[in-house]
Amino acid sequence: MTESLETAVPAVIGHRGAAGHAPENTVASISRAADLGVRWVEFDIKLSADGEVVVFHDDKLNRTTNGRGAVAKHALIDLRQLDAGSWFKPRFAGERVPTLSEMLEVLAARGLGANIEIKPSPGRYAETGAAIARLLKAEWPAALTPPVISSFMPTSLAAVRDHAPEYERALLVFALPGDWQARAHRLGCAALHCSQEYLTERQAKAITAAGFVLRCYTVNHRLTARKLYRWGASSLISDYPDRLLSIELATA
Ligand code: G3P
Ligand code: MG
């Protein structure tokens, strides 16, 4: 695997840890990514009812835990009682919903970098961006390369820009909007994180030609990965990062 030239971010990033192999956004998933040889992971964060930053994707608990209802309506002490592993496979029973602080300790222990995606609960966009900015300034492990903070939500990215401008920001998009460049400039984003489903070659080339770093999600097949690297993507986010690790960028 060849490292991207533009930034310290490697060519392969594990999605929600290694979500194809272990329950997403848990310590087990991040550890599995490290075991596979991945150097960076992506995971999602949002706020508990009492304002703690937790690692979780959906607005609701139902799909990935034995709890019910909105994450934003549960205090951290309640979230910590939940089983976030059994839904994936019985042997992951007992995996917990991690706090961001706990996840940072795992990153430090395993020497992993991170793309932290702000996935705010409805109505908590700026609050979540400000909370993560505060937490990272206080707790990001000094030995690690600084994280990349991404979000689909401009209000959350604007809060990070205002509270912790030193962290690289990336604008997440599904289909690339016509005014993507103006949006990215406004938010001070250095990178676009685009869905591999909608991105065209022309768009990919326009992004890199304009001086932005291009990364794509969620790329689980080698052929797609090779195509996106050829189009100029410098990193790909994958549920099965092990499938992509052996692709040489020079010959993609
Ligand atoms: O950050 C890339 C990707 O995770 C964005 O979509 O829904 O998987 O968080 P999602
Ligand atoms: Mg995500």
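In Å and whole numbers, how far do the C-alpha atoms of region 63-113 stretch along each principal axis, longest first?
34, 26, 15
Leaving out same-chain residues fewer than 8 places away, which lysines sit with a Cα under 22 Å from that of LYS205?
Answer for LYS205, where 22 Å is the Cα cut-off: LYS227, listed by chain and number.
So for region 98-252, Kirkwood radius off the Cα pairs, Stokes-Einstein at 20 °C and 1.002 mPa s: how many µm² s⁻¹? Walk me through the numbers before you get to the answer.
Numbers: Rh = 16.3 Å.
Result for D is 132 µm²/s.
Under a point-charge model restricted to the Cβ atoms of Lys and Arg (+1) and Asp and Glu (-1), what is the dipole moment magnitude of region 168-224 relative to its Cα centre, in debye to the nearest 20? List each step's numbers first, then the result.
Values: 7 positive and 4 negative charges, 15 e Å.
Charge dipole of region 168-224: 80 debye, to the nearest 20.
Which peptide among 216-228, 82-94 comes first, and what is the full order, when sorted by highest mean count of other Cβ atoms within 10 Å? Please list the in-between numbers first.
On the way: 216-228: 18.9, 82-94: 16.5.
With the highest mean Cβ count within 10 Å placed first, the list reads 216-228, 82-94.
Across the Cα atoms of region 146-214, what radius of gyration and what greatest pairwise Cα-Cα distance (Dmax) are found, in Å?
When restricted to Cα atoms, region 146-214 yields Rg and Dmax of 11.5, 35 Å.
So what's the back-of-envelope 222 nm ellipticity for the chain, counting only DSSP H runs of four-plus at -39500 (n - 2.57) apiece and dividing by all residues, rounded to 500?
Roughly -9000 deg cm²/dmol at 222 nm, from the helical runs in the chain.
Per-residue counts of other Cβ atoms within 10 Å, averaged by peptide: what ranking do you get for 116-122, 72-78, highest first?
Values: 116-122: 22.6, 72-78: 15.0.
Listed from highest to lowest mean packing, they are 116-122, 72-78.
May I ask you to list the lysines whose Cα is less than 27 Å away from that of LYS89, ignoring any residue fewer than eight positions away on the same chain?
LYS46, LYS60, LYS73, LYS119
Given the C-alpha centroids of region 180-199 and region 133-159, what is the distance between them in whole angstrom?
17 Å
Counting only C-alpha contacts under 8 Å and six or more residues apart, can you give the relative contact order of region 24-116 as a whole percent?
34 percent
Given an 8 Å cut-off on Cα distances and at least 6 residues of separation, report the relative contact order of the chain as a percent.
Numbers: 560 pairs, mean separation 50.6, N = 252.
For the chain, the relative contact order is 20 percent.
Going by amide H atoms built from the backbone, whose H comes under 5 Å of the H on VAL12, apart from near neighbours?
LEU236
Values quoted throughout were computed directly from the atomic coordinates according to the rules given, and no laboratory measurement underlies them. Computed from a prediction, not measured in an experiment: that's the story for all the values here. Heads up, the Cβs are rebuilt from the backbone with ideal geometry, glycines too, and the neighbour counts pull from every protein chain shown.
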